[in-house]
Amino acid sequence: MTDVRPTVLHTALSAGVRHAAARFAAFPSWIQVLVVYAASRVVSFCIIAAAALQQEVNPWLAPRPDYWHFVQIWDSEWYGRIVQNGYPSTLPRSATGSLQQNAWAFYPVFPLLVRLLSGIPGIPWEAWAQVVALVAGFAAAVVIYRLFRHRADHSDALWGVVFVAFFPISPILQIPYAESLALLFLAWALLWVVERRYLAAIPVVAVLALTRPVGVPFALMLGVLFLVKAAQLRTGRTTAAELARLAGLAAAGVASAAAWPLIAWWQTGVPDAYTATETVWRGGPLVPFLPWFDTGQFLFGPFFGMLAPFALVAVAALYFTSTHVRRIGVEMALWCGAYVAYLLAVLHPQTSTFRMMLPLFPLALAGVRLSRSRSYRWTALVMFVLLQIVWVVWLWVWARLPEGGDWPP
């Protein structure tokens, strides 16, 4: 007699999955977004907690720490210094007069918000840092969904949130870094630009520019968008009043981008306090575009290394002009292009570059639309989770390199 138990079990499991999917689909869209994001944070928590057990001797804490302490390393330590001590009024220098690493490299919204909340008695600042990062990520997921809904139906927009929430470097969204807060304000600013609420976007852009170094590319995006809209004025696709409001937002974007370097100058008395501090980490002066050629030669040799940046630009241009990217809308496409141009101009490419890709989150929607196949989307999701493990174990777990130190996440 044929054993029917496996068939019965398969039928029961299939029915259970279909029932759960139907119940999930009946929820309001914002609940679906929060459930998806919560699931992503549970997955990342498990990965980080498991990786913590692999942490050996390191500069911050005892080997094999718990999750709570493990997320407090790397730049979390710098944010903690700002929370507890603020920013220095005098730039620290060595005995030879060379500038040392200091807090002015880190933008103020995240640490000062944590510092404000830590004034509430009974809860340590370390807990508030994790709460702020986690809550900001949930809020960002909802705003990203609203933004994506302007260019996609519910299913594609929700899958876009899935791709962002499970992206290989997404564990950073629950670590005491400014990334999740910056993602929230970036998505918010883009949402109101897409909705042409230009004046309302001004304070959002101002805060955005003080969360992470994205003010310059956002101002660049607004400037190019103004030119696009100005060209549409003659065709009636925009109005002079709307163009004037966009000009006001673009001007505010430029002022916001300049705010943090000016604040650093005002507080320290050193005109280049911010940029000089930033270059301490790279060990040399900022020369636009040059680091990409240096890294290209390091990876591929003197000949192909010089060609590598041009090949990268060509591939990026080909991708940004593709149908899938154009379908996300001119505002989001311009933002992604402006941000990539900014990275090419100022970034020193190294392991932290992966984390710098997070502001390109609108491309998640373009990635979803590469195929409507469920197999493609679920396979991409599984690969993202596997690459999360790679990112956390390779870069967040500290392991001394032969020459000392370790590659930063």
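Of note:
- Filter pass, Ala12 being in a helix (DSSP H, G or I) and either in contact with a strand residue (DSSP E or B) (Cβ under 7 Å, 6 or more places away or on another chain) or under 29 Å from Val164 (Cα atoms) (or both): no
- The residue that is surrounded by the most Cβ atoms within 10 Å (Cβ to Cβ), counting only those in segment 349-366 that are in contact (Cβ under 8 Å) with a residue 12 or more places away in the chain and over 13 Å from Phe167 (Cβ atoms), is Ala366.
- Considering only residues in segment 272-282 that are free of Cβ contacts under 8 Å to residues at least 24 places away in the same chain and within 24 Å of the chain's Cα centre (by Cα), the one that is nearest to Trp407 (Cα to Cα) turns out to be Thr279.
- Looking across segment 33-91, just one residue is part of a loop (DSSP other than H, G, I, E, B), of a type in the set (Gly, Ala, Ser) and surrounded by 12 or more Cβ atoms within 10 Å (Cβ to Cβ), and that is Gly86.
- For segment 298-317, the condition of being closer than 17 Å to Tyr107 by Cβ, in a helix (DSSP H, G or I) and of a type in the set (Gly, Ala, Ser) holds for none of the residues.
Residues are listed down the side, and each one gets a yes or a no for (1) modelled with pLDDT of 95 or more; (2) of a type in the set (A, V, I, L, M, F, W, C):
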{"position": "Thr323", "(1), (2)": "no, no"}
{"position": "Ile328", "(1), (2)": "yes, yes"}
{"position": "Ala333", "(1), (2)": "yes, yes"}
{"position": "Cys336", "(1), (2)": "yes, yes"}
{"position": "Tyr342", "(1), (2)": "yes, no"}
{"position": "Met356", "(1), (2)": "yes, yes"}
{"position": "Leu387", "(1), (2)": "yes, yes"}
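- Qualifying residue in segment 56-69 (condition: under 21 Å from Ala178 (Cβ atoms) and under 18 Å from the mean Cα position of the chain (by Cα)): no
- Meets criteria (under 14 Å from Ser44 (Cβ atoms) and surrounded by 15 or more Cβ atoms within 10 Å (Cβ to Cβ)) for Val397: no
- Residue within segment 92-112 that is under 22 Å from Val270 (Cβ atoms), of a type in the set (Gly, Ala, Ser) and surrounded by 12 or more Cβ atoms within 10 Å (Cβ to Cβ) present: yes
- Test: residue in segment 304-316 that is closer than 20 Å to Leu190 by Cβ, among the aromatic types (Phe, Trp, Tyr) and modelled with pLDDT of 90 or more: no
- Per-region count, segment 228-246, residues part of a helix (DSSP H, G or I), free of Cβ contacts under 8 Å to residues at least 60 places away in the same chain and surrounded by fewer than 17 Cβ atoms within 10 Å (Cβ to Cβ): 11
- The single residue among Leu210, Leu249, Leu225 that is in contact (Cβ under 8 Å) with a residue 60 or more places away in the chain, assigned to a helix (DSSP H, G or I), buried (at least 19 other Cβ atoms within 10 Å of the Cβ) and under 26 Å from the mean Cα position of the chain (by Cα) turns out to be Leu225.
The values are calculated or read from the model by the stated rules, or taken from the named source; none is laboratory data. In this text the structure is predicted, and so the values were computed from the model without any measurement. Here Cβ is always computed from backbone atoms with ideal geometry, including for glycine, and neighbour counts include all displayed protein chains.
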